[in-house]
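Please read the structure below before turning to the comments.
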Amino acid sequence: MSKPTDYTSVMGRKAEVMKASVGIDFSEFESGSIAFDYEKMMKETGYTLEEMKEIQGKTGVGNTPIIELRNLTALARKMAPAGKGARIFIKDEAANPSSSFKARRAANAVYHAKKLGYKGVIAATSGNYGAAVASQAAMAGLKCIVVQECYDSNGVGQPEIIEKARKCEALGAEVVQLTVGPELFYKFLLLLEETGYFNASLYTPFGIAGVETLGYELAEQFRSQEGRDPDYVVCTQAGGGNLTGTARGLKKAGANSVVVGASVDLTGLHMASDKDFNRKSFTTGHTGFGVPFSVWPDRSDVPRSAARPLRYMDRYLTVTQGSVFYITECLATLEGMEKGPAGNTALTAAFALAQELDEDKIIVVQETEYTGAGKHVQPQLDFAKDNGIDVRFGDPKDEVPGKNIILPSHPSLIKATDQDMDRMRKSLIKTALKTYTKNPTDEDYKFLAEETKKDEAWVREAVSEILKTL
């Protein structure tokens, strides 16, 4: 007898579908309260870091170059006070087979899917990860389906997402394009159940552990090239896997670099809103994902997300859409490198950060991505204008997401804004108390201290303060 396929029934089978499609029983890590065994869950990949590097290497993933951006560094120093202006580097992850760091996640997920005997893989993503999964699936001889939130209710799709769909299809994937809203996760679950394919989720231990090789490799390369670790590593922050995996890799390499998250400020725009969907020019790496996934990682498609950025993030910076477009053009015209918008978000934050640091400091932007017809600055700005967005030169501080995009009239106007991380930490704790229990155990306090990168005394005080409001 076939199972009912209505929305409520399918969503009600989420845990069952996830267990069958990932091969992990998440209940094994639960304590029955707020805490769960995160490190035990991460070991579910069954692979050491060295084994993951070997798996990735067999499909040409990894060993991407470190490149110093001397001209952008020189520009930052012109804008900075005397003696300031840290050296800026990028790790060119666009050199991977699918042209982004997400090939690292996909390589491990697809390898494991084939090892377990799955006939295909499915990923729900706006595109870069879909292209990575499609690329790795093609090499492994597996089928691939990419489920993509692409259109508003009028059938209008964003240039960047459509570009990514083209790449996924070129690599052999079937792309299922949907309108914005709750149907994405429903359709994803339904396809997993109907096909019996492996869930190559961004948020499983496979998806995060695959990025650990990036952080580890980065530390090794800097020690070889510069004789030391970078002082700061800037990661574009969206769902949290990029930052989490990189930071874990750095930690395994023994590096003590400051880990900085960076997102485009899209304050006021709701990511699930049909009205707002096409009023933004960035499909990832923005606060619409970066903040919610930081303060509650378990909103993802698995019971417990392996991407937990507040465990590892030391600082969280936001930049404006116009500033990222400007730095994208600077990278092309000053350094001769065309790169896509996600990595350039972190680069924009790095450009601003460099100006507050001494000249002998080193900042590395830990990833770049490919660019293409729909990802270039001009089609994005044209699309914004078509959607009633005012595009002009001026001071980025006057930018209002969904209303205008302000390209800096001078590079000195490019700034990064620090987010209140203690406020975010308290938001995470509040949600945990509301979701699980208002009487946390000692184990819960220890867990929340790890989750927020704070000591237990701070957490206990925060819990006491929050409970007064519940």
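The values are calculated or read from the model by the stated rules, or taken from the named source; none is laboratory data. Source: prediction; values computed, not measured. No Cβ is skipped: glycine too gets one built from the backbone with ideal geometry, and neighbour counts run over all protein chains shown. Keep in mind that these areas ignore ligands, DNA and RNA; they rest on the heavy atoms of the full protein, side chains included. Shrake-Rupley method; radii C 1.70, N 1.55, O 1.52, S 1.80 Å.
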- Under the rule rounded for a/c under 1.5, else prolate if a/b exceeds b/c, else oblate, using alpha carbon gyration tensor axes a ≥ b ≥ c, the chain is classed as rounded
- Would you mind checking 78/251; 40/426; 275/385; 187/252; 3/280; 167/415 for any pair whose Cα atoms are more than 27 angstrom apart? 78/251; 187/252; 3/280; 167/415
- Task: Could you list which residues have their amide H under 5 Å from that of residue 391, counting only those 5 or more apart in sequence or on another chain, with H placed in the peptide plane?
- Result: 405
- With all protein chains modelled, accessible area of residue 270 [1.4 Å, Å²]: 110
- Got a sec? What order do 10, 156 fall in by accessible area at 1.4 Å, biggest, i.e. largest, first? 156, 10
- Task: Tell me what the chain gives for mean residue ellipticity at 222 nm when only DSSP H runs of n ≥ 4 count, each as -39,500 (n - 2.57), the sum divided by the residue total, rounded to 500 deg cm²/dmol.
- Result: -14000 deg cm²/dmol
- Item | Rounded accessible area per residue of the chain, 1.4 Å, Å² | 38
- Cα gyration tensor, the stretch 69-227 - rounded (a/c under 1.5), prolate or oblate: oblate
- Cα gyration tensor shape for the stretch 75-159, rounded if a/c is under 1.5, else prolate or oblate: oblate
- With each pseudo-label sitting 7 Å past Cα toward Cβ, what's the residue 360-residue 334 distance in nm, one decimal? 2.4
- Reachable aspartates and glutamates, given that their alpha-carbon falls under 13 Å from the alpha-carbon of residue 454 and they are not under 8 places away in the same chain: 314, 422
- Query: Among bridges DSSP assigns within the chain, what percent are antiparallel (round to 5)?
  - Reply: 20
- Unit charges on C-beta of K, R, D, E only; dipole of the stretch 305-459, Debye: 640
- Note on the structure: With all protein chains present and a 1.4 Å probe, the order of 328, 431 from largest accessible area down is 431, 328
- Task: About the Cα centre of the chain, how large is the charge dipole given +1 on each Lys and Arg Cβ and -1 on each Asp and Glu Cβ? Please answer in debye to the nearest 20.
- Result: 220
- Query: Based on the Kirkwood radius over alpha-carbon pairs, what value in µm²/s does the Stokes-Einstein equation return for the translational diffusion coefficient of the stretch 160-284 at 37 °C and 0.692 mPa s?
  - Reply: 190
- Message: Taking all protein chains in place and a 1.4 Å probe, what share, in percent, of the accessible surface of the stretch 373-470 do carbon and sulfur account for?
- Response: 46
- Message: Once ligands and nucleic acids are excluded and a 1.4 Å probe is used, how much of residue 458 is accessible, expressed in Å² to the nearest 10?
- Response: 50
- Item | Accessible-area value, residue 11, 1.4 Å probe, nucleic acids and ligands omitted, Å² | 50
- Note on the structure: Once 25, 152 are ranked on solvent-accessible area with the largest value leading and a 1.4 Å probe, the list reads 25, 152
